[in-house]
1. Here is a check on your reading of the model: is residue 58 modelled with pLDDT of 70 or more, at negative phi, touching a strand residue (DSSP E or B) at 6+ places or on another chain (Cβ under 9 Å) and open to solvent by 10 Å² or more (accessible area, probe 1.4 Å)?
2. In the range 195-226, what count of residues is obtained for those that are within 51 Å of the chain's Cα centre (by Cα) and either of a type in the set (Val, Ile, Thr) or farther than 25 Å from residue 160 by Cα (or both)?
3. Spot the failing condition for residue 132; the list is (1) modelled with pLDDT of 70 or more; (2) open to solvent by 20 Å² or more (accessible area, probe 1.4 Å), and only one is missed.
4. Specify which of the listed residues (125, 71, 121) is buried (at least 18 other Cβ atoms within 10 Å of the Cβ) and modelled with pLDDT of 75 or more.
5. Applying the selection to the range 177-186, what residues are over 15 Å from residue 220 (Cα atoms) and surrounded by 14 or more Cβ atoms within 10 Å (Cβ to Cβ)?
6. Given the conditions (1) acidic (Asp, Glu); (2) within 30 Å of residue 67 (Cα to Cα); (3) at pLDDT 75 or above, and given that residue 180 satisfies all but one, which numbered condition is not satisfied?
7. Can you confirm whether the range 82-102 contains a residue that is part of a strand (DSSP E or B), touching a Ser or Thr at 6+ places or on another chain (Cβ under 7 Å), open to solvent by less than 20 Å² (accessible area, probe 1.4 Å) and at pLDDT 80 or above?
8. Just give me the residues in the range 155-176 being outside any helix (DSSP H, G or I), touching a residue at least 12 places away in the same chain (Cβ under 8 Å) and either in contact with an Asp or Glu (Cβ under 6 Å, 6 or more places away or on another chain) or surrounded by fewer than 17 Cβ atoms within 10 Å (Cβ to Cβ) (or both), in sequence order.
Amino acid sequence: MTDEGVSTSSLLLPRPRTSHEHAPPESAALTRVLLVSDDGPLRVLWAHGLHGLSRAVEEISTLADAYDRSREGPPPDLVVVDAGTAAAAGPEHTVTGLAQTARVVVRGRPDGQQEVQLLLRSGARGYLFAGPPPAPRAVVPPEKPAEPPPRKLRVPDVHGVDRLLSHREIEIIRCAADGETNIEIARRLRLSPLTVKSHLGRIGRRLGTGDRARLVLLALRAGVIS
């Protein structure tokens with residue numbers, strides 16, 4: 001009966017039948033179902049969920065009326081009782097009489113387990129625990145993994161001492177090796193010409209020469225460009 005718009009989990013519990021009880025019909029099709037709840041819209045939802053599964057679905061607002069109606073006509077195959085409705089009727093109103101001729105299923109909420117246990121002890125065959133539907137959850141794309149820090153590559157300076165150059169600095173040397181000007185390097189790497197000039201100045205100071213051709217040669221010897 002998931003048409004309530006709620007999430008439900010159900011467990012049908014077998015119960016020994018006493019000698020004075022009559023087994024309900026075992027035919028696959030339900031011929032008569034009683035829905036017992038003082039919540040009118042809830043009964044309508046239940047009835048909608050049973051559409052096509054039973055030849056006759058009767059909506060009843062109290063346990064007392066359900067007991068009287070169950071004695072009229074053929075015994076019901078199934079009685080669905082709202083635990084809240086049963087609790088409001090008082091402890092003297094149980095499902096014992098209904099359970100003698102029909103399968104009784106209790107619908108309750110997780111915070112009303114005592115009410116459900118009382119009805120199970122009085123003859124109910126199973127229960128449905130219902131809760132509010134889960135709140136909509138926004139679909140959050142997985143976080144993009146953090147990019148690894150720029151690799152630093154070793155390039156020996158003019159004295160053979162290893163110096164570390166960043167990935168960006170290696171890119172600039174590679175562009176210089178292609179004969180590009182500062183403006184062309186800036187356009188390719190989406191930098192400003194001033195930033196390219198600053199990078200080349202730092203590279204020159206680190207490697208001990210400001211000559212572009214020699215910078216390219218040192219990078220070629222180190223194998224960081226080809």
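1. Spelling it out, residue 58 is indeed modelled with pLDDT of 70 or more, at negative phi, touching a strand residue (DSSP E or B) at 6+ places or on another chain (Cβ under 9 Å) and open to solvent by 10 Å² or more (accessible area, probe 1.4 Å).
2. 4
3. (1)
4. Only one candidate qualifies: 125.
5. Result: 180, 182, 184, 185, 186.
6. All conditions are met except number (2).
7. yes
8. 156, 157, 158, 159, 163, 164, 166
The values are calculated or read from the model by the stated rules, or taken from the named source; none is laboratory data. Not measured: the values here are computed from a predicted model. Quick reminder, even Gly has a Cβ in these numbers, built from the backbone with ideal geometry, and neighbours come from all protein chains shown. Side chains included, ligands, DNA and RNA excluded: accessible areas come from the protein's heavy atoms. Shrake-Rupley method; radii C 1.70, N 1.55, O 1.52, S 1.80 Å.
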